[in-house]
Amino acid sequence: MQATDKFTHDDYTVAWIAPLEVESIAARLMLDTKHEKLPQSSVDHNVYTLGSINSHNIVIASLPSTGNTSAATVITQLRNTFKQIRFGLLVGIGGGVPTRTDNGPIHLGDVVVSKPQRDHSGAIQYDHGKALEGRFLCTGYLTPPPTVLLNAAQDLSTEQAITEDDLVLPHLQKINTRLPALRKYKYPGQDQDHLYKADYSHRTEGSSCRSCACDPLQRIDRYSYESEDDEIYYDRSSRIVVHRGTIAAGERVIRDSRLRDELAKAHGALCFEMEAAGVMNDFPCLVVRGISDYADSHKNDRWHGYAAASAAAYARQLFFHMPVDEVKQCAVGLAGIYS
Ligand SMILES: [Zn+2]
């Protein structure tokens, strides 16, 4: 596209929802081209960045604050302003479950992507349900992504499996981590990936594991024991490992390893996050989460930047697996047809 090309609201077909600042900066840096801003009504308070990746015109929307209410409001406003939006990518950070998938153990900096399972859309609202005869039934099954998006995720997954060079990792070079403001997006290194035993709690709330002297002997050295007999162990500095499965969305931050493990077991979840529920109830979305912590009491911000970057890099690569025409042919306003 030439810089002189003028776009209108109706030229944009994909929404990239990046709630936190650390996420929206990573999203912006993944664009091929940034477009000029378009007018928006005085009742639309969203912050938009417009641009394109591989000829797909994309609206990046940031939320004023985290939480389901604001995410839902942002989507409503976005769809009023950009009426041709077909679907959304919800891209950001999340708390990982230290379990394993077909692609090996889940580590910090890996990416988890929602994948529909037999009985649900790949994203569940775990705190929306009812107790029935002593059992808790989860009733919050969120709207699944459209076929074109699922096919893209599948195609990317297959390509990754049969390609020696990682397809996602090179996109991180679009973030110039030599700039002071972007340093936080650098890979922290696997020696900074600390998983503590589930029964060992963080020593002092509000301070880091190092300053409150959480015992390093209580960490699980997953890299050494898992790599010994693990044929699919990857060096995280040369590959972004992607896991596809169930993402659990809820209204509170999980920072408790026992609750994490309980909920993960009950729902088969790989990851926890806080935005999908509000967004996906009536809007088809793929949820993409970079793992920034293990949803336990030791949770901190150390990996936020890199996890946001790896999720954004995955989202960028998806646009190379989606035909532009097929995206345009998706029905507008899919809400409700899956329910
Ligand atoms: Zn700690």
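The values are calculated or read from the model by the stated rules, or taken from the named source; none is laboratory data. Remember, predicted model here, so these are calculated numbers, not experimental data. Cβ atoms come from the backbone with ideal geometry, glycine included; neighbour counts cover every protein chain shown.
The set of residues in segment 252-276 being over 22 Å from ALA307 (Cα atoms) and free of Cβ contacts under 8 Å to residues at least 60 places away in the same chain consists of LEU259, GLU262, LYS265. In this structure, is TYR223 at pLDDT below 85, away from the ligand (no atom under 16 Å from the Cβ), of a type in the set (Ser, Thr, Tyr) and in contact with an Asp or Glu (Cβ under 8 Å, 6 or more places away or on another chain)? Answer is yes for this residue.
Among the residues of segment 256-300, those that are more than 28 Å from VAL168 (Cβ to Cβ) and within 16 Å of the ligand (Cβ to nearest atom) comprise ASP256, SER257, ARG258, SER297.
Within segment 170-205, restricting attention to residues that are aliphatic (A, V, I, L, M) and surrounded by 18 or more Cβ atoms within 10 Å (Cβ to Cβ), the residue that is farthest from the chain's Cα centre (by Cα) is LEU195. Does segment 128-147 contain at least one residue that is over 24 Å from ALA264 (Cα atoms), modelled with pLDDT under 85 and in contact with a Leu (Cβ under 6 Å, 6 or more places away or on another chain)? There is no residue in segment 128-147 that is over 24 Å from ALA264 (Cα atoms), modelled with pLDDT under 85 and in contact with a Leu (Cβ under 6 Å, 6 or more places away or on another chain).
Going by the structure shown, is ILE60 β-branched (Val, Ile, Thr), modelled with pLDDT of 95 or more and in contact with a helix residue (DSSP H, G or I) (Cβ under 8 Å, 6 or more places away or on another chain)? So ILE60 passes the test. Contact map, segment 8-26: residues that are more than 27 Å from LEU179 (Cβ to Cβ) paired with residues that are hydroxyl-bearing (Ser, Thr, Tyr), Cβ distance under 8 Å, separation 6+ or inter-chain. Pairs shown: HIS9/THR81.
Conditions tested, residue by residue: (1) hydrophobic (A, V, I, L, M, F, W, C); (2) assigned to a loop (DSSP other than H, G, I, E, B); (3) in contact with a Cys (Cβ under 9 Å, 6 or more places away or on another chain); (4) more than 9 Å from the ligand (Cβ to nearest atom).
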position: ARG178; (1), (2), (3), (4): no, yes, no, yes
position: ARG183; (1), (2), (3), (4): no, no, no, yes
position: ASP191; (1), (2), (3), (4): no, no, no, yes
position: HIS202; (1), (2), (3), (4): no, yes, yes, no
position: GLU205; (1), (2), (3), (4): no, yes, yes, yes
position: CYS209; (1), (2), (3), (4): yes, yes, no, no
position: CYS214; (1), (2), (3), (4): yes, yes, no, no
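Taken together, the residues in segment 1-47 that are modelled with pLDDT under 95, acidic (Asp, Glu) and more than 26 Å from the chain's Cα centre (by Cα) amount to 1. If you go through segment 93-131 and pick out every residue that is crowded, with 21+ Cβ neighbours inside 10 Å and on the phi > 0 side of the Ramachandran plot, you end up with 2. For segment 156-175, filtered to residues that are in contact (Cβ under 8 Å) with a residue 60 or more places away in the chain and part of a loop (DSSP other than H, G, I, E, B), the residue that is nearest to the ligand (Cβ to nearest atom) is ILE175.
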